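Notes follow once the structure below has been shown.
Nothing in this text is a laboratory measurement; each read-out follows from the coordinates by a stated rule. Given the structure is predicted, the values throughout are model-derived calculations rather than measurements. No Cβ is skipped: glycine too gets one built from the backbone with ideal geometry, and neighbour counts run over all protein chains shown.
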Amino acid sequence: MCIGESVLAMFYPRECLICGHRIDTDENICINCMRSLPRTEHATLRNNRLEDLFVKDNRFVRGAAFLFYDEEGNIRRLIHELKYSENPRLAYELAYKAAQEYVSTDFFEGIDCIIPIPLHPRRLRQRGYNQSLYIAKGLSDVTKIPIDTQHLFRVRNNPKQALKIGEERERNVSNIFKTSYPEEMFRKHILLVDDVITSGLTIQSAMSAMKTFKGCSISVFTFVHSKR
Ligand SMILES: [Zn+2]
């Protein structure tokens, strides 16, 4: 059984998460709503707003947030669903859709592997799954780019970001990741994926740990870049 099928077998929502209309497939979002979610042009737009967060690092290649953040609209509901519902199928579905749309661009060009931002083992036990892994699976099922979960680990759980500001927040996400067998990642072009990117500090912290991957390049994919 492939991963897609096993995910399908687990979840059979009957109503579109956005419009509430009945869906006869196993999907979370109906075709009309999926089509109407506001896309960014990030797949082909260099120096976009997401990339601004990471360009200072000379290993950074490109970045894309699939959808526009919209404080009032459907995207907010979607983020809430992604963050708080136990619905990894939704993450898979959105990533699969994004990859289908991005394969006609050069966004995935040269990428050797996809690394989902790891959860701390304790958090993983609580939640039961890592949502970023489902995003990686959605992308990988379309692009056939392999997923790597063996070289980047989370060694600290970062406390709630919302309560922290400025420097304190930065300290909060430093050294939360560690790498292993970095020599196996020599000169790889890695796509880091996370569901929602706000300040970019988590990704920056992962990038900092990945300094042990000599000669690597790094790109980033997320669903939404939401600004606080
Ligand atoms: Zn709908």
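Pop the C-beta distance of Lys144 and Tyr181 into the FRET formula with R0 = 30 Å and round what comes out to the nearest 0.05. Numbers along the way, then the final one.
Details: r = 23 Å, r/R0 = 0.77.
Computed FRET efficiency for Lys144 and Tyr181: 0.85.
Considering the chain as a Gaussian network with a 10 Å cut-off on Cα pairs, which listed residue, Arg39, Arg187, Arg59, attains the greatest mean-square fluctuation?
Arg187
Along the positive direction of the dipole of the chain (beta-carbon charges: Lys, Arg +1; Asp, Glu -1; about the Cα centre), which of Pro182, Val193, Cys19 reaches farthest?
Pro182
Can you list the aspartates and glutamates whose alpha carbon is less than 19 Å from that of Lys178, not counting same-chain residues fewer than 8 positions off?
Qualifying aspartates and glutamates at Cα under 19 Å: Asp57, Asp148, Glu170, Asp194.
Rounded to whole Hz and in sequence order, give me ³J(HN,Hα) for region 93-103 from the Karplus expression 6.51 cos²θ - 1.76 cosθ + 1.60, θ = phi - 60°, writing x for Gly and Pro.
Whole-Hz 3J(HN,Hα) from phi for region 93-103: 4, 5, 5, 4, 5, 4, 5, 4, 6, 8, 5.
Quote the FRET efficiency, to the nearest 0.05, computed for Arg156 versus Asp26 with a Förster distance R0 of 35 Å and r equal to the Cβ-Cβ distance. Walk me through the numbers before you get to the answer.
Numbers: r = 37 Å, r/R0 = 1.05.
According to the calculation, E is roughly 0.45.
Where the only charges are on Cβ atoms (+1 Lys, Arg; -1 Asp, Glu), what is the dipole of the chain about its Cα centre, to the nearest 20 debye?
Working: 33 positive and 28 negative charges, 176 e Å.
Roughly 840 debye, rounded to the nearest 20.
Give the order of Ile75, Ile117, Ile135 when sorted by the count of other beta carbons within 10 angstrom, beginning with the fewest. Kindly include the intermediate steps, with their values, before the conclusion.
On the way: Ile75 19, Ile117 24, Ile135 30.
Ranked by crowding around the Cβ, least crowded first: Ile75, Ile117, Ile135.
Taking springs between alpha-carbon atoms closer than 10 angstrom, which of Gly128, Gly63, Gly138 fluctuates most in the Gaussian network model of the chain?
Greatest mean-square fluctuation among the candidates belongs to Gly128.
Quick one: length gained pulling Cys19 to Val55 fully straight, 0.36 nm per residue minus the C-alpha distance? Don't jump to the answer; show the numbers that get you there.
Numbers: separation 36, 0.36 × 36 = 12.96 nm, distance 3.75 nm.
Result for the pair: 9.2 nm of gain on full extension.
Where does the chain land at 222 nm, in deg cm²/dmol rounded to the nearest 500, when only DSSP H runs of n ≥ 4 count, each adding -39500 (n - 2.57), divided by all residues? Before the final figure, lay out each step's value.
Numbers: 8 runs with 77 residues, N = 228.
For the chain, the value works out to -10000 deg cm²/dmol.
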